[in-house]
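Read the structure below first, then the notes.
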Amino acid sequence: MIKLLAKLFIKNSSNYQDVKVREQYGVLCGAVGIGLNIILFLAKFLFGTISASVAMVADAFNNLSDAASSIIQILGFKLSSKKPDPEHPFGHGRIEYISGLIISMLILLMGFELLKSSVSSILNPKTLSVSTFSIVILIFAIGIKLYMMIYNLSISKKINSVSMKATATDSFFDCISTALVLISLIFANFTTLPIDGIAGLVVSLFILYGGITSALETIEPLLGSAPDSDFVKQIEEELLCHKPIVGMHDLVIHDYGPGRLMISLHAEVPGNMNIFEIHDAVDVAEVSIAQKFNCHVVIHMDPIDTENEDLKQYKLMLSDLLKEINPSLQAHDIRMVPGVTHTNLIFDVVKPFDYKKTDDELIKEIQSSVLKKCQNVFCVITVDQPFTKH
């Protein structure tokens, strides 16, 4: 159904990276979610009230909160697509993350309310009146929620939307919760246990888990998470296509919302070439990366000595030593200043976040290791932190 509606109402519906297309997908999926959740709420509330099932009525209100979440999703997509202004020069894309966080909070609120009513139902159980139609309604609801999970997850991957992913997660846990309600109604006539309240309690725990999971996923980009290593590799591959660029380091990616990435990096270039030729190559690389990854790019040129044979040997030695100390350690901006009595080897070393030693301890360890290999080489080291996931 979503594919058909997208073809009917969204122009260039396959251009998922376009800001307008993303917005229209968010609005379309949100509108479908509102309609389906309201239908489920009315059906579950009616037959849950008739059968005196606390779990089924609570599940109905869960669907009503899902409809409210879809409204927030639509507002999030609408507001996040607003163009940059003087107060927000990088746009409003992070509003989509905020809307995903609000949806997660609504899920948690619903989970707590269901938890309270379920405990009350366990302490004060009521006799259930189960009808065949109630069973059919719940089976139908599971099918609808499965469909909502599938289309929200599929579209979220295509348009890179955390709020739609949160909605898909919520739909998945709705399937589980409704299935538990269904089981409680079926077995209610075969036991004296307060199975309705127990089922509601288990459902509430699933809902709470889903809310916490969704909240963590939406908070991560708001805090500023490291870019995926595959994405970093793609950027590096594209950069190195532009000669005479020979390397990359100090990559920083700022996420201001889907389609609003700000990238800065250092490009290593031969230091013996004409600066105007190198500058032209860097400009071309900036445009190419910006167009390919739909982002804004700033590249800093770092000239390196590509002809000094002694420096090449020092680089190989340093690479081997760092691997011995810790395979995750990396060095860049390596240069040398030869002198009468000794040579200064100057470089930056990237230290993993989980590395146990302090910066000073790491520096001393590297200096000591280098001196054992080359007694006339003194290391001048700056410690950097990684900006990517490994």
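The values are calculated or read from the model by the stated rules, or taken from the named source; none is laboratory data. What you see is a predicted model, and the numbers here were worked out from it, not measured in a lab. Reconstructed Cβ throughout: ideal geometry from the backbone, glycine too, with neighbour counts over all protein chains shown. Surface accessibility is based on the protein's heavy atoms, side chains included, excluding ligands, DNA and RNA. Shrake-Rupley method; radii C 1.70, N 1.55, O 1.52, S 1.80 Å.
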If amide H atoms are modeled at 1.01 Å from N in the peptide plane, then the residues at a separation of 5 or more from Asp384, or on another chain, having amide H under 5 Å from its own are Val349, Val350, Lys351
Computed from the beta carbon distance with a Förster radius of 56 Å, FRET efficiency for Glu238 and Val136 to the nearest 0.05 stands at 0.55
Positive-pole candidate from Ile253, Ala199, Tyr209, dipole of segment 175-318, charges at beta carbon:
Ala199
Could you report the chain's accessible area per residue, 1.4 Å probe, as an integer in Å²?
52 Å²
Rounded to the nearest 20 debye, what is the charge dipole size of segment 110-172 about its Cα centre when +1 sits on each Lys and Arg Cβ and -1 on each Asp and Glu Cβ?
160 debye
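R0 = 22 Å: FRET efficiency of His254 with Asn15, Cβ-based, nearest 0.05? Present the calculation step by step, with values, prior to reporting the outcome.
Numbers: r = 24 Å, r/R0 = 1.10.
Calculated transfer efficiency: 0.35.
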Taking springs between alpha-carbon atoms closer than 10 angstrom, which of His296, His342, His266 fluctuates most in the Gaussian network model of the chain?
His342
Only bridges with both residues in the chain count here: give the DSSP antiparallel percent, nearest 5.
45 percent
Under 11 Å from the Cβ of Ser14, count the other residues' Cβ atoms, weight Lys and Arg +1, Asp and Glu -1, and hand me the total.
+3
What FRET efficiency do you get for Ser225 and Thr192 if R0 is 35 Å and r is their Cβ-Cβ distance, rounded to the nearest 0.05?
0.10
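How much length would be gained if the chain were fully extended between Glu113 and Ser154, taking 0.36 nm per residue of separation minus their Cα-Cα distance, in nm to one decimal? Mind showing how you got there, number by number?
Numbers: separation 41, 0.36 × 41 = 14.76 nm, distance 3.01 nm.
That works out to 11.7 nm of additional length.
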Compute the helix-to-body angle for 229-240: its Cα long axis versus the longest principal axis of the chain, expressed 0 to 90° and rounded to tens.
40 degrees
Check Gly91: other-chain or 5+ apart residues with amide H under 5 Å from its amide H, H built from backbone geometry?
Asp85
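Rounded, prolate or oblate: which one fits segment 278-390, using the alpha carbon gyration tensor with axes a ≥ b ≥ c (rounded when a/c is under 1.5, else prolate when a/b beats b/c, else oblate)? Each step should come with its number before you reach the end.
Numbers: a/c = 2.81, a/b = 1.47, b/c = 1.91.
Oblate.
At 0.36 nm per residue, and after removing the present C-alpha to C-alpha distance, how many nm does the segment from Asn326 to Ile38 gain when stretched out fully?
Values: separation 288, 0.36 × 288 = 103.68 nm, distance 5.63 nm.
Additional length available on full extension: 98.0 nm.
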Amide H neighbours of His342 under 5 Å, counting only residues 5+ apart in sequence or on other chains, H built in-plane at 1.01 Å?
none
Taking Lys116 as the anchor, which lysines have their alpha carbon closer than 28 Å to its alpha carbon, excluding any fewer than eight residues away along the same chain?
Lys44, Lys126, Lys145, Lys165
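Please report the relative contact order for the chain, taking Cα pairs under 8 Å with a sequence separation of at least 6, and give it as a percent rounded to a whole number.
On the way: 623 pairs, mean separation 50.3, N = 390.
Over the chain, the number comes to 13 percent.
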Once neighbouring chains are kept in place and the probe is 1.4 Å, which whole percent of the accessible area of segment 1-132 is contributed by carbon and sulfur?
70 percent
Helix 95-123 versus the longest principal axis of the chain: what is the Cα-based angle in degrees, 0 to 90, to the nearest 10?
40 degrees
Whole-Hz Karplus couplings 3J(HN,Hα) for segment 40-47, θ = phi - 60° and coefficients 6.51, -1.76, 1.60, Gly and Pro as x, run 5, 4, 4, 5, 5, 5, 4, 7
